[in-house]
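Peer 1: Take a look at this one; I'll ask things after.
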Amino acid sequence: MDILVAGGHGQVALRLLKLLAADGHTARGLIRKPSQAADLQAAGAVPVIGDLENDESLAGYVKGADAVVFAAGAGPGSGPARKRTVDLGGAIKLADAAVETGVRRYVMVSSIGAQDPASAGPSMRTYLEAKAEADAYVVASGLDCTIVRPGSLKDDPGTGLVRATRELGGRGPIPRDDVAAVLAACLTMPSTIGVTFELFAGDTPIAEALKF
């Protein structure tokens, strides 16, 4: 498949691109800074230079893809405005571009807590509100979407063993390696289409855990 990953230089995204390329897919990463291109190439991916936040449309980047993954984020330290333009606005633009170009498959990297932003503290609430609105928009778009809500991200080595649950409101850690592996698996597993699930470290092999 040809897969475009928005936010291609993120920590999970780079891991995902490397896995996809190793599996023989055309793994394209949308990045804003040309200086990041070498890191994508080192992962076996194709860098695509574009501005998720400021480009009016992403259709030119999405065209020709078989699937898109939204793995972008304004990141910690960014203000409320950028959480709206990146975490929400970018996800909406990617969905609109997918609809426009006929790309059906959309995998979203969301966040635990997005089912109830009001319960979070002020600093997290804006982020979770953006994630919740983005998730709802993608679901309403009619695309073949999967919403993945990982727990707290860790740099521990992946184990390939996870807990994936449609029961929302959980808490727990998950290695970034395993998040990337789950995203890659979602792209080839129709059982994940139309599913929103939380993801934590666990004891079930990924292929088994995603049989919803």
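The values are calculated or read from the model by the stated rules, or taken from the named source; none is laboratory data. These figures come from a predicted structure and were not determined experimentally. Cβ placement follows ideal geometry from the backbone for every residue including glycine, while neighbour counts extend to all protein chains displayed. Protein only, heavy atoms only, side chains kept; ligands, DNA and RNA dropped before computing areas. Shrake-Rupley method; radii C 1.70, N 1.55, O 1.52, S 1.80 Å.
Peer 1: Identify, please: which residue in the stretch 177-202 is polar (S, T, N, Q) and surrounded by 17 or more Cβ atoms within 10 Å (Cβ to Cβ) and is, among those, farthest from LEU4 (Cα to Cα)?
Peer 2: In this case the residue turns out to be THR196.
Peer 1: Does any residue in the stretch 147-173 that is at positive phi come within less than 7 Å, Cβ to Cβ, of a residue that is surrounded by 19 or more Cβ atoms within 10 Å (Cβ to Cβ) and not in a strand (DSSP E or B) six or more places away or on a different chain, and which pairs are these?
Peer 2: From residues that are at positive phi, the pairs are GLY160/ASP178; GLY160/ALA181; GLY160/ILE206; GLY172/GLY151.
Peer 1: Something else: Any idea which of (1) of a type in the set (D, E, K, R); (2) open to solvent by less than 70 Å² (accessible area, probe 1.4 Å); (3) not in a loop (DSSP other than H, G, I, E, B) is the one ASP55 doesn't satisfy?
Peer 2: The failed condition is (3).
Peer 1: Would you mind stating whether GLY121 is farther than 25 Å from HIS9 by Cβ, without any contact (Cβ under 8 Å) to a residue 24 or more places away in the chain and either surrounded by fewer than 20 Cβ atoms within 10 Å (Cβ to Cβ) or small (Gly, Ala, Ser) (or both)?
Peer 2: Yes, satisfied.
Peer 1: Ok, one more. Take the residues of the stretch 124-148 that are under 16 Å from GLY75 (Cα atoms) and not hydrophobic (A, V, I, L, M, F, W, C): which is surrounded by the most Cβ atoms within 10 Å (Cβ to Cβ)?
Peer 2: It comes out as LYS131.
Peer 1: Kindly provide the set of residues from the stretch 1-22 that are over 14 Å from GLY73 (Cβ atoms), touching a helix residue (DSSP H, G or I) at 6+ places or on another chain (Cβ under 7 Å) and open to solvent by 10 Å² or more (accessible area, probe 1.4 Å), ordered by number.
Peer 2: ARG15, LEU19
Peer 1: Would you confirm, using the coordinates I've provided, whether VAL99 is open to solvent by less than 60 Å² (accessible area, probe 1.4 Å) and either under 25 Å from LEU19 (Cα atoms) or modelled with pLDDT of 95 or more (or both)?
Peer 2: no
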